[in-house]
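Novice: Quick one: structure below, then a few questions.
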Amino acid sequence: MSRKLTLLAAACAAACLSSAASAQSVSGSIRDAGSAPTDNFARDRAVTVRQRPRPEYDAIGVPVGAFTLFPRVQADLEYNDNIYATDTGEDGDVLLRLRPDLNLRSEWSRHFVSVFARASTSAYADNSNEGATDWTVGTSGRLDVLRGTNITAGADFGRLSEPRTSVSTPQLAREPIRYTAGQAYLAGAMTLNRLKLSSRLDYRKFNYDDGRAFNGALIEQDDRDREIVSLLGRADYAVSPDTALFVQVSGNERDYRDVPSASPPRDSSGYEALVGASFELGALIRGEIAAGYIKQEFDNAAYETIDGFGARGELEWLPTQLTTVTFTGSRTVEDAGIIGVAGYLSTQFTAQVDHELLRNLILTGTANYGQDDFDELGRTDERWGAGFSGTYLVNRNFGITLGASHASRSSDAIGGQNYDVNRLILTVVSQF
């Protein structure tokens, strides 16, 4: 507990000193989304297919005083040929999923506040036990202190269900594992000519419900309940208007509430140290690449320390104004929900191509590869995926997407999760 308090106090002090937030997601992405559009750290000479403004197809929203409310409803009709993500005895089914979404955003000239509420409810034609209703509520905001200096904060809480394709979900569970997830962050950034300092403090808490096997047996999940506190600090130096070098260091502490009877406690602390560059080569290529060292050390000597090469990166290639190719990759330490294992090294690569065939017709193709290394089990899992979709924007209120995807996992150890899943999805979006 003392270690957590020390980390929390240091994080708060660092966040206040460096003032402000740069990342959009609570996971602490290395890409800074809060850069001012005219500073040495902006990478905005070109506009990607997804970023391109389409005023005639954008939702107008509903004015609410100094705010605008954006209501949205998405309906998915999906066929999944392996809903339980199993290696044998695959069961296919059709499902209908509804996703209502409300987002209230401020319209101030300075500062920003957003409040959102979203839900997702699904129903299967033949397997009613697979249906679930998830929801999340949250808020985020930005305080513009000075030019080049801002503070951002946010929090959200949700009641969610774990996908069958997750490596940590029990394969014998007759229903999806349910859990609650709460998270909050405080971040700051300050730009001083060629130097930019930023920091971010994150807190996350997960609470899992016990599951039931098909034979009615209890599947304990309390050992997965955990709290994670992490702190990230970063310094960027612009060597030119289109290139900056940076050093980024982050630390984390992971505390588990309950100790499973079959394995020692999984409490741990770790850090990640990266050096990298963000750059923009005219209007053709831009991105951010970082590499370094990661380490996660566990309090109980029964678990081996996980360490090695760490990396994060994103590269956008814009060969034409109508085509965007995006590459992303990462190598991180993740928590494991498997008895006898505390964590694993996860490597992920993704490629995506977006092409604007027409002003209101966007084609997208994706491919990804991942590898999960469970050294304590002598086990390596490989993940492959690919998909293609087309989105047709009817008008500012309606859009239609048709897509198909394939996902697979193969494990080289007995008891590992192996599956092939194919999906065909028709999506209709209504927004105002």
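Novice: Restricting to the range 397-415, name every residue that is surrounded by fewer than 17 Cβ atoms within 10 Å (Cβ to Cβ), closer than 23 Å to residue 170 by Cα and hydrophobic (A, V, I, L, M, F, W, C).
Specialist: Once the filter is applied, which keeps residues that are surrounded by fewer than 17 Cβ atoms within 10 Å (Cβ to Cβ), closer than 23 Å to residue 170 by Cα and hydrophobic (A, V, I, L, M, F, W, C), the range 397-415 yields 413, 414.
Novice: Name every residue in the range 345-360 that is touching a strand residue (DSSP E or B) at 6+ places or on another chain (Cβ under 6 Å) and touching a residue at least 60 places away in the same chain (Cβ under 8 Å), in order of residue number.
Specialist: If the condition is that a residue be touching a strand residue (DSSP E or B) at 6+ places or on another chain (Cβ under 6 Å) and touching a residue at least 60 places away in the same chain (Cβ under 8 Å), then 354, 355, 356, 360 are the ones that fit.
Novice: Continuing with this model, one more query. Residues in the range 335-354: is at least one in contact with a helix residue (DSSP H, G or I) (Cβ under 9 Å, 6 or more places away or on another chain), modelled with pLDDT under 95, of a type in the set (Ser, Thr, Tyr) and part of a strand (DSSP E or B)?
Specialist: Yes, that holds for at least one residue.
Novice: Would you say residue 228 is touching a Lys or Arg at 6+ places or on another chain (Cβ under 6 Å), of a type in the set (Val, Ile, Thr) and either surrounded by fewer than 18 Cβ atoms within 10 Å (Cβ to Cβ) or within 24 Å of residue 158 (Cα to Cα) (or both)?
Specialist: yes
Novice: On the given criteria, is residue 181 closer than 27 Å to residue 256 by Cβ, in a strand (DSSP E or B) and not hydroxyl-bearing (Ser, Thr, Tyr)?
Specialist: Against the criterion (closer than 27 Å to residue 256 by Cβ, in a strand (DSSP E or B) and not hydroxyl-bearing (Ser, Thr, Tyr)), residue 181 qualifies.
Novice: Out of the range 178-193, which residues are of a type in the set (Val, Ile, Thr) and crowded, with 17+ Cβ neighbours inside 10 Å?
Specialist: Once the filter is applied, which keeps residues that are of a type in the set (Val, Ile, Thr) and crowded, with 17+ Cβ neighbours inside 10 Å, the range 178-193 yields only 191.
Matching residues to (1) touching a Lys or Arg at 6+ places or on another chain (Cβ under 7 Å); (2) of a type in the set (A, V, I, L, M); (3) crowded, with 18+ Cβ neighbours inside 10 Å; (4) over 16 Å from residue 167 (Cα atoms):
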{"site": "334", "(1), (2), (3), (4)": "no, no, no, no"}
{"site": "378", "(1), (2), (3), (4)": "no, no, no, no"}
{"site": "383", "(1), (2), (3), (4)": "yes, no, yes, no"}
{"site": "418", "(1), (2), (3), (4)": "yes, no, no, no"}
{"site": "422", "(1), (2), (3), (4)": "no, no, no, yes"}
{"site": "431", "(1), (2), (3), (4)": "yes, no, yes, yes"}
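Novice: What pairs can you find where one residue is in the range 56-78 and of a type in the set (Ser, Thr, Tyr), the other is outside any loop (DSSP other than H, G, I, E, B), and their Cβ atoms are less than 8 Å apart, with a gap of 6+ or different chains?
Specialist: 57/393; 57/399; 68/62; 68/104; 68/105
Novice: Criterion first (out of contact with any Asp or Glu (no Cβ under 6 Å at 6 or more places or on another chain), modelled with pLDDT of 95 or more and surrounded by fewer than 16 Cβ atoms within 10 Å (Cβ to Cβ)) does residue 135 satisfy it?
Specialist: yes
Novice: Next up: For the range 89-120, enumerate the residues that are in a loop (DSSP other than H, G, I, E, B) and over 22 Å from residue 75 (Cα atoms).
Specialist: Across the range 89-120, the qualifying residues are 89, 90, 91, 107, 108, 109, 110, 111.
Novice: Shifting gears a bit: For the range 399-432, give me each residue that is in a loop (DSSP other than H, G, I, E, B) and aliphatic (A, V, I, L, M).
Specialist: Result: 413, 414.
Novice: Is it the case that residue 200 is touching a residue at least 60 places away in the same chain (Cβ under 8 Å), closer than 30 Å to residue 414 by Cβ and among the basic types (Lys, Arg)?
Specialist: No: the conditions fail for residue 200.
Novice: Also, I was wondering about something else. Kindly indicate whether any position in the range 323-331 is without any contact (Cβ under 8 Å) to a residue 60 or more places away in the chain, touching a Lys or Arg at 6+ places or on another chain (Cβ under 8 Å) and farther than 28 Å from residue 178 by Cα.
Specialist: The answer is yes, given that some residue of the range 323-331 is without any contact (Cβ under 8 Å) to a residue 60 or more places away in the chain, touching a Lys or Arg at 6+ places or on another chain (Cβ under 8 Å) and farther than 28 Å from residue 178 by Cα.
Novice: While we're looking at this one, here's another question. Could you tell me which residue of the range 365-412 is farthest from residue 82 (Cα to Cα), considering only residues that are among the aromatic types (Phe, Trp, Tyr) and at pLDDT 95 or above?
Specialist: 398
Novice: Let me ask another. Report the residue count in the range 121-142 for those that are in contact with a Ser or Thr (Cβ under 7 Å, 6 or more places away or on another chain), in a strand (DSSP E or B) and within 17 Å of residue 159 (Cα to Cα). Steps first, answer last, please.
Specialist: Restricting attention to the range 121-142, the residues satisfying the condition of being in contact with a Ser or Thr (Cβ under 7 Å, 6 or more places away or on another chain) are 121, 131-134, 139-142.
Within this subset, residues satisfying the condition of being in a strand (DSSP E or B) are 121, 132-134, 139-142.
With the extra rule that they be within 17 Å of residue 159 (Cα to Cα), the set shrinks to 121, 132-134, 139.
Counting residues in the range 121-142 that are in contact with a Ser or Thr (Cβ under 7 Å, 6 or more places away or on another chain), in a strand (DSSP E or B) and within 17 Å of residue 159 (Cα to Cα) gives 5.
Novice: Which ones in the range 361-398 are in a strand (DSSP E or B), among the β-branched types (Val, Ile, Thr), without any contact (Cβ under 8 Å) to a residue 40 or more places away in the chain and more than 20 Å from residue 349 (Cα to Cα)? Before the answer, list the steps.
Specialist: So the first thing to find is which residues in the range 361-398 are in a strand (DSSP E or B), and the list is 361-374, 379-393, 398.
Within this subset, residues satisfying the condition of being among the β-branched types (Val, Ile, Thr) are 362, 364, 366, 380, 391.
This time we only want the ones that are without any contact (Cβ under 8 Å) to a residue 40 or more places away in the chain, so: 364, 366, 380, 391.
391 - this is the single residue of the range 361-398 that is in a strand (DSSP E or B), among the β-branched types (Val, Ile, Thr), without any contact (Cβ under 8 Å) to a residue 40 or more places away in the chain and more than 20 Å from residue 349 (Cα to Cα).
Novice: If I filter the range 154-177 for residues that are surrounded by fewer than 19 Cβ atoms within 10 Å (Cβ to Cβ), of a type in the set (D, E, K, R) and outside any strand (DSSP E or B), do I get at least one hit?
Specialist: yes
The values are calculated or read from the model by the stated rules, or taken from the named source; none is laboratory data. Since the model is a prediction, treat every value here as computed from it, not as a measurement. Positions of Cβ are generated from backbone atoms using ideal geometry, with glycine treated the same way; all protein chains shown enter the neighbour counts.
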